[in-house]
Amino acid sequence: MMLRRLTLHVRRLSTATQSLRLSNGQSIHFHRSTPPESVIKAPTLVFFHGLGASHQSFKYIAARLANTYPIIAFDMPGSGDSPASAAGSEYNAHTVDQALMDAIENMCEATTPRVYVGHSLGGHAALRITSNHLKKYNGQTVQGLVLLATAALKPYRVMQPFVSIPPQITGLIPTPFMAKVFHKIGFSDQHADIEYKNGVMRLVTTDWQVLRDAADTIAMKKLQCLCISAKDDPFLYFKYWDELCHAVGNDQDIKIISYDHGAHNIPKTRQFACSWVEQSMRLSNGQLIHFHRLTPPDIYITNCRLGVGNEYTAHTVDRALMEAIESICEDSTPRVYVGHSLGGYAALRITANHLKNMTTKLSKGCVTGNYSFKAGTMSCSDLYRTHQYSQL
């Protein structure tokens with residue numbers, strides 16, 4: 001027990017947060033970072049963690065995005081460095097939301113564009129606050145919602161033993177016992193016991209109709225939503241998760257991504273942090289193509305059929321890439337095309353195409369690499385594309 005307390009103390013010293021005094025006189029803690037002024041127009045990403053967690057849930061994501069996006073990652077009232085008293089004299093889901101909105105309004109201008117990101121139970125806060133601010137501010141302020149393995153619009157089976165107990169009774173359950181229950185079902189033991197009890201209080205005081213109304217508001221406003229989970233999540237009830245994803249928007253407004261691995265704490269994995277900055281877009285052929293803007297590729301999810309339509313050839317690959325480039329870049333955007341190995345052929349062809357077809361000389365350069373053939377290192381798709389390119 002002493003070693004655990006020492007570990008928690010050292011961990012907090014090494015990840016010091018900032019604090020803000022709220023209108024109720026209490027303080028809330030958070031991590032905040034601001035990128036260089038040259039990219040300050042990017043929307044602010046506001047993160048809400050789940051039960052038995054802190055702003056540290058998003059440390060890998062924040063590290064990846066700190067040079068591009070302003071970031072605010074809260075220690076929710078009753079978690080991390082934020083005391084439960086930050087929510088006021090009565091601790092419940094509503095007062096926690098009120099404290100968070102108070103903090104956001106103190107830290108952001110009314111016109112500051114933002115995207116709310118919620119993990120697990122923090123997704124409930126993200127839903128409610130997004131809905132509230134969509135109604136309060138103009139349409140340009142809230143620019144998106146990201147739900148990471150979020151608790152659904154009705155309790156999962158794992159929640160049933162807790163939500164069936166009245167809040168007054170929940171408050172009487174010994175804190176160490178409640179923490180042991182969560183450790184037993186797979187939650188981390190790296191947080192103070194009281195944080196688990198506070199999380200349960202947020203859960204049992206949730207108004208599920210308010211959540212459903214929030215989802216309806218988000219869908220009605222046609223907000224862009226990204227829903228991310230892992231297939232090996234032991235806590236997510238996927239039927240309810242799918243219902244939540246489709247409750248916040250139609251197929252044009254939502255994007256659902258499912259990773260093979262990551263479990264419930266998917267934002268804590270380096271794999272997810274790398275792929276977080278991966279963007280996706282829909283081509284005119286109705287398929288998705290994926291690209292990276294901020295990091296080198298760590299995960300590839302554009303397969304050989306997905307981005308190019310029914311016929312997979314060198315030409316259709318180039319055509320899909322050129323359509324994506326034209327959607328991502330303005331006509332006047334200067335660019336340098338960089339191709340490695342077999343990708344150098346695509347760079348050559350696309351550079352030549354754009355030099356001929358654009359009215360101004362926008363392609364500032366083309367860098368290609370050499371391609372060497374080694375037995376056993378090429379896929380069938382690579383071989384077929386090589387055959388197509390041999391006609392160059």
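The values are calculated or read from the model by the stated rules, or taken from the named source; none is laboratory data. On a predicted model such as this, the values are computed, not experimentally measured, just so you know. When we count neighbours, we look across all protein chains shown, and the Cβ atoms used for this are built from the backbone with ideal geometry, even at glycine.
Worth pointing out:
- Count of segment 70-107 residues, restricted to those that are under 25 Å from the mean Cα position of the chain (by Cα) and hydroxyl-bearing (Ser, Thr, Tyr), is 3.
- Scanning segment 112-158 for residues that are farther than 14 Å from Phe235 by Cβ, among the polar types (S, T, N, Q) and surrounded by 24 or more Cβ atoms within 10 Å (Cβ to Cβ) returns Thr130, Ser131.
- For segment 226-256, filtering for residues that are out of contact with any strand residue (DSSP E or B) (no Cβ under 7 Å at 6 or more places or on another chain), part of a loop (DSSP other than H, G, I, E, B) and surrounded by 15 or more Cβ atoms within 10 Å (Cβ to Cβ) leaves 3.
- Meets criteria (in a loop (DSSP other than H, G, I, E, B) and basic (Lys, Arg)) for Lys154: yes
- Near pairs, Cβ below 7 angstrom, 6+ apart or cross-chain, from segment 258-273 (buried (at least 20 other Cβ atoms within 10 Å of the Cβ)) to any residue that is at pLDDT below 75 and among the aromatic types (Phe, Trp, Tyr): Gly262/Phe272; Ile266/Phe272
- The requirement of being under 14 Å from Ser120 (Cα atoms) and either in a loop (DSSP other than H, G, I, E, B) or of a type outside the set (Phe, Trp, Tyr) (or both) is not satisfied by Leu223.
Every residue, every condition in (1) out of contact with any Phe, Trp or Tyr (no Cβ under 6 Å at 6 or more places or on another chain); (2) without any contact (Cβ under 8 Å) to a residue 40 or more places away in the chain; (3) farther than 30 Å from Ile257 by Cα; (4) not assigned by TED's automatic domain parsing to the domain that holds Gly78, yes or no:
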| residue | (1), (2), (3), (4) |
| --- | --- |
| Ala149 | yes, no, no, no |
| Gln160 | yes, yes, no, no |
| Val163 | yes, no, no, no |
| Pro166 | yes, yes, yes, no |
| Thr170 | yes, yes, yes, no |
| Pro176 | yes, yes, yes, no |
| Asp189 | yes, no, no, no |
| Ile194 | yes, no, yes, no |
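- The selection criterion, being at pLDDT 95 or above and either surrounded by 17 or more Cβ atoms within 10 Å (Cβ to Cβ) or not aliphatic (A, V, I, L, M) (or both), holds for Ala99.
- Applying the set (1) of a type outside the set (Val, Ile, Thr); (2) more than 29 Å from Tyr69 (Cβ to Cβ); (3) at pLDDT below 75 to Arg349 leaves exactly one unmet item: (3).
- With respect to the conditions (1) assigned to a loop (DSSP other than H, G, I, E, B); (2) at pLDDT 85 or above; (3) of a type in the set (S, T, N, Q), Ser188 lacks only one, and its number is (2).
- Members of segment 202-223 found to be within 22 Å of the chain's Cα centre (by Cα) and over 17 Å from His119 (Cα atoms), listed by number: Arg212, Asp216, Thr217, Ile218, Ala219, Met220, Lys221, Lys222, Leu223
- Subset of segment 208-225 [farther than 18 Å from Asn138 by Cα and surrounded by fewer than 20 Cβ atoms within 10 Å (Cβ to Cβ)]: Trp208, Gln209, Val210, Arg212, Asp213
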